[in-house]
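The values are calculated or read from the model by the stated rules, or taken from the named source; none is laboratory data. Bear in mind that the values here come from a model prediction, so they are computed numbers and not experimental data. We place every Cβ from the backbone using ideal geometry, glycine too, and count neighbours over all the protein chains shown.
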Amino acid sequence: MDFDFMDPPPQETMLTSLFDLWALGALSNTGDLTQLGSRMAVFPMEPSMSKLIIMSEQYGCMDEMLTIVSMLSIPSVFYRPKERAEESDAAREKFSVPESDHLTLLYIFQQWKAQKYSEAWCTKHFLHAKSLRRAREIRMQLQDICQKQRMRQSSAGSDWDLIRKCICSGYFHQAARLRGVAEYSNLRSGMVSAVHPTSALYGLGYLPEFVVYHQIMLTSKTYMSTVTAVDPYWLAELGGVFYSIKEKGQSKKATEHLMNKQMELEADLARARQVEPVEEVKKQTTRLATPGMRLARPPSVVRPGSSVVRPGSSVVRPGSSVRGQRRQTPRHN
């Protein structure tokens with residue numbers, strides 16, 4: 001039997017994928033696999049989620065991140081029967097964690113675990129027990145891989161801001177900024193999208209200025225799926241290849257002028273430090289004259305044929321007479 005080869009993906013798609021891998025640090029500038037990329041390749045999942053697990057070791061939140069990644073690997077855990085739509089929506093709101101769909105998924109799994117993985121509890125709260133069991137299996141597999149890689153197990157406890165920053169480390173290349181009333185603009189491509197009505201952020205009453213998202217949903221409208229609010233300083237720190245912080249009210253030229261001034265000031269301080277030791281030596285060797293103080297006279301230098309003048313003495317020059325004495329003429333015999 002003969003089969004035709006699969007058509008290669010469009011070149012633009014391949015270049016975009018390679019660029020994303022480079023942005024995540026999986027590829028070097030020459031296209032080679034980095035040490036981080038080699039570690040990411042061990043996990044059988046999307047590069048962003050692989051990096052989340054690796055970075056969670058650094059941030060100290062591996063337990064939570066394994067759960068989040070596992071929950072992202074399954075279909076939605078919520079179900080919404082038409083005849084009980086209002087009850088389903090009310091049950092869903094109970095699990096919502098403000099400003100983060102990722103943390104909402106974590107919270108659902110933690111509550112299910114606290115109920116000893118009860119199927120009856122899932123039914124009561126309109127959750128798919130089968131999907132949650134699948135997430136639990138995936139989590140166990142990922143945990144085994146981490147143990148084989150000798151990665152340090154850790155938990156962030158209730159420090160959910162730390163978990164959000166770790167989430168930003170894997171999704172900074174999929175960041176968006178609020179534009180207008182209810183729309184976001186991708187920071188890299190400018191693509192306009194909105195928060196999905198099922199998001200935990202949708203019912204906040206306000207929308208955070210900066211978010212990262214797991215993926216884009218194309219329906220009648222472009223929506224961001226699984227969204228988390230982030231601090232813009234996290235984006236600048238973790239995605240410096242794309243972003244930088246610009247202080248409000250300062251232009252690029254003004255910022256450069258300020259930096260130049262700072263460099264000049266540092267140079268002046270450095271020169272001043274070099275001059276200070278020289279001036280200190282001068283101060284130590286120079287004595288200041290005070291009123292009523294006699295300064296020591298410098299020693300006299302006696303040259304051949306010269307006379308030293310001492311206090312109270314007179315200098316007799318050739319051909320001159322000393323007062324009170326007669327000039328004598330030499331006699332010749």
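Computed quantities for the displayed model
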read-out	value
Pairs, first over 15 Å from PHE172 (Cα atoms) and touching a residue at least 12 places away in the same chain (Cβ under 8 Å) in the stretch 11-37, second part of a loop (DSSP other than H, G, I, E, B) and not hydrophobic (A, V, I, L, M, F, W, C), C-beta under 6 Å, six or more apart	LEU36/GLY25
Selection count where residues are within 18 Å of the chain's Cα centre (by Cα) and surrounded by fewer than 19 Cβ atoms within 10 Å (Cβ to Cβ), scope the stretch 143-168	2
Options SER50, SER38, SER28: the member that is crowded, with 18+ Cβ neighbours inside 10 Å and under 28 Å from the mean Cα position of the chain (by Cα)	SER50
Options SER155, SER189, SER225: the member that is outside the structural domain of ASP101 (by the TED database) and in a loop (DSSP other than H, G, I, E, B)	SER189
Scan of the stretch 31-56 for residues that are in contact with a Cys (Cβ under 8 Å, 6 or more places away or on another chain) and of a type in the set (S, T, N, Q), ordered by number	SER56
Residues of the stretch 109-130 satisfying the condition of being more than 38 Å from the chain's Cα centre (by Cα), aromatic (Phe, Trp, Tyr) and part of a helix (DSSP H, G or I)	TRP121
Residue within the stretch 10-21 that is assigned by the TED database to the domain that holds MET151, more than 27 Å from GLY203 (Cα to Cα) and surrounded by fewer than 16 Cβ atoms within 10 Å (Cβ to Cβ) present	no
Residues that are of a type outside the set (S, T, N, Q) and assigned to a helix (DSSP H, G or I), drawn from the stretch 84-101	ARG84, ALA85, GLU86, GLU87, ASP89, ALA90, ALA91, ARG92, GLU93, LYS94, PHE95, ASP101
Those residues of the stretch 82-110 which are farther than 21 Å from CYS166 by Cβ and in contact (Cβ under 8 Å) with a residue 12 or more places away in the chain, in sequence order	ARG84, GLU87, SER88, ALA91, ARG92, GLU93, LYS94
Candidates ARG92, ARG136, filtered to the one that is assigned by the TED database to the domain that holds ILE74 and at pLDDT 95 or above	ARG136
